[in-house]
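Beneath this line is the structure, given in structure tokens, with notes to follow.
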Amino acid sequence: MTPAARDPELVAGLRAAGCVFAEDEAAVLQEWAPDAVALAAAARRRRAGEPLEHIVGFVEFGGLRLAVGPGTFVPRRRSLLLAHTVIGLLDDGRPPLFAEACCGVAPIAATVRAHRAGVSLHACDADPVALGYARRNLPPEAQIGCGTLLSGLAAEVSGFGVIAAVPPYVPEPELPLLPPEALDHEPLRALAGGPDGLAVAGELLNAARERLAPDGVLALELYRGQVPAAGRLASALGYRVRVVEGDDGQTVVLVAGAELSP
């Protein structure tokens, strides 16, 4: 019998508040809470709409338990497509130098670290709160900097084999369609991507050209419907592009490189 099954009142309360996976969330809360008082307080926060991950302080991401907290963007499961794509790109013989831009709590860099030894890790974000969690999720030797786009990367470091990002790519007209827990508890700058959702992606495509190795690539998570416009942006900057599609029918990874094979 699971912990959630032993506390039907907790499950019922979460379900009434609109939690789709009420039993799973109840199990997480019961495992995390040190006592009944803490459990009751956490349940109240969750029923009020606060993300479960912010309450318990972690998110499960591809077998890793990553630190997150209030005010941070919670890595989504769909971003495992980007993480796995990055590992494959590094395995293709590119320089073992990786950077995660717009890193948030650095889920992609943490995945690279877990699966590929010997890769030099770099990460940057404009949000110092998120970077505090990124430092907890990455080893001490990782270079982590604060700055917009790629400005947080050490100026003397270039020749990256892979730069990757989950940029903010929700088109502004679609922001009201996001769940309240995202709009109310995650930073808007991690979500809003301008009128078409490609404002930051386009800036990254431009900035990455000076930081990539000759055979290096930029890998961006996007919506499937954004591929044509993003491809045109990349082509205009001299990139060749390849698209990796996710199983959900919505998520894609746009891979762009000057010497990229089809």
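For the stretch 53-88, the set of residues classified as closer than 22 Å to Gln250 by Cα, touching a helix residue (DSSP H, G or I) at 6+ places or on another chain (Cβ under 9 Å), among the small types (Gly, Ala, Ser) and surrounded by fewer than 20 Cβ atoms within 10 Å (Cβ to Cβ) consists of Gly62 only. Checking Arg224, Arg209 one by one, the residue that is touching a Phe, Trp or Tyr at 6+ places or on another chain (Cβ under 9 Å) and open to solvent by 30 Å² or more (accessible area, probe 1.4 Å) is Arg209 and no other. Note on the stretch 111-154: among residues that are part of a loop (DSSP other than H, G, I, E, B) and of a type in the set (Gly, Ala, Ser), the one that is nearest to Asn206 (Cα to Cα) is Ser151.
Is there any pair linking a residue in the stretch 107-121 that is without any contact (Cβ under 8 Å) to a residue 24 or more places away in the chain to one that is open to solvent by less than 10 Å² (accessible area, probe 1.4 Å) and part of a helix (DSSP H, G or I), with Cβ under 8 Å and at least six apart or on different chains, and which? Correct list of pairs: Leu121/Ala109; Leu121/Val112. Annotation: Pro173 fulfils all but one of (1) open to solvent by 10 Å² or more (accessible area, probe 1.4 Å); (2) in contact (Cβ under 8 Å) with a residue 40 or more places away in the chain; the unmet one is (2).
Screening Ala26 on (1) buried (at least 18 other Cβ atoms within 10 Å of the Cβ); (2) out of contact with any strand residue (DSSP E or B) (no Cβ under 8 Å at 6 or more places or on another chain); (3) closer than 30 Å to Arg116 by Cβ shows it passes everything except condition (3). For the stretch 101-110, which positions are part of a helix (DSSP H, G or I) and not aliphatic (A, V, I, L, M)? Pro107 - this is the single residue of the stretch 101-110 that is part of a helix (DSSP H, G or I) and not aliphatic (A, V, I, L, M). Note on the stretch 212-221: among residues that are open to solvent by less than 20 Å² (accessible area, probe 1.4 Å) and more than 23 Å from Glu172 (Cβ to Cβ), the one that is farthest from the chain's Cα centre (by Cα) is Ala213. Gly145 satisfies every condition listed in (1) out of contact with any strand residue (DSSP E or B) (no Cβ under 6 Å at 6 or more places or on another chain); (2) over 16 Å from Arg76 (Cβ atoms); (3) of a type outside the set (A, V, I, L, M, F, W, C) except (1). Counting the residues of the stretch 232-262 that are modelled with pLDDT of 95 or more, open to solvent by less than 10 Å² (accessible area, probe 1.4 Å) and over 18 Å from the mean Cα position of the chain (by Cα) gives 3.
Taking the conditions exactly as written (in contact with a Pro (Cβ under 6 Å, 6 or more places away or on another chain) and of a type in the set (A, V, I, L, M, F, W, C)), does Ala201 satisfy them or not? Judged against the criteria, Ala201 is a match. Arg47 meets the stated requirement of being more than 27 Å from Ala110 (Cβ to Cβ), in contact (Cβ under 8 Å) with a residue 12 or more places away in the chain and open to solvent by 80 Å² or more (accessible area, probe 1.4 Å). Of the set (1) in contact (Cβ under 8 Å) with a residue 24 or more places away in the chain; (2) surrounded by fewer than 19 Cβ atoms within 10 Å (Cβ to Cβ), all apply to Gly193 but (2). Look at Asp91 and say whether it is surrounded by fewer than 19 Cβ atoms within 10 Å (Cβ to Cβ), closer than 30 Å to Val241 by Cβ and not aromatic (Phe, Trp, Tyr). Spelling it out, Asp91 is indeed surrounded by fewer than 19 Cβ atoms within 10 Å (Cβ to Cβ), closer than 30 Å to Val241 by Cβ and not aromatic (Phe, Trp, Tyr).
Within the bounds of the stretch 64-81, is there any residue that is small (Gly, Ala, Ser) and without any contact (Cβ under 8 Å) to a residue 60 or more places away in the chain? No - not one qualifying residue is present in the stretch 64-81. Quick check: is even one residue across the stretch 74-82 outside any loop (DSSP other than H, G, I, E, B), of a type in the set (S, T, N, Q) and more than 18 Å from Val200 (Cβ to Cβ)? Looking through the stretch 74-82, none of the residues is outside any loop (DSSP other than H, G, I, E, B), of a type in the set (S, T, N, Q) and more than 18 Å from Val200 (Cβ to Cβ).
The values are calculated or read from the model by the stated rules, or taken from the named source; none is laboratory data. On a predicted model such as this, the values are computed, not experimentally measured, just so you know. Don't worry about glycine lacking a Cβ; one is built from the backbone with ideal geometry, like all the others, and counts go over all protein chains shown. These accessible areas exclude ligands, DNA and RNA; they are computed on the full protein's heavy atoms, side chains included. Shrake-Rupley method; radii C 1.70, N 1.55, O 1.52, S 1.80 Å.
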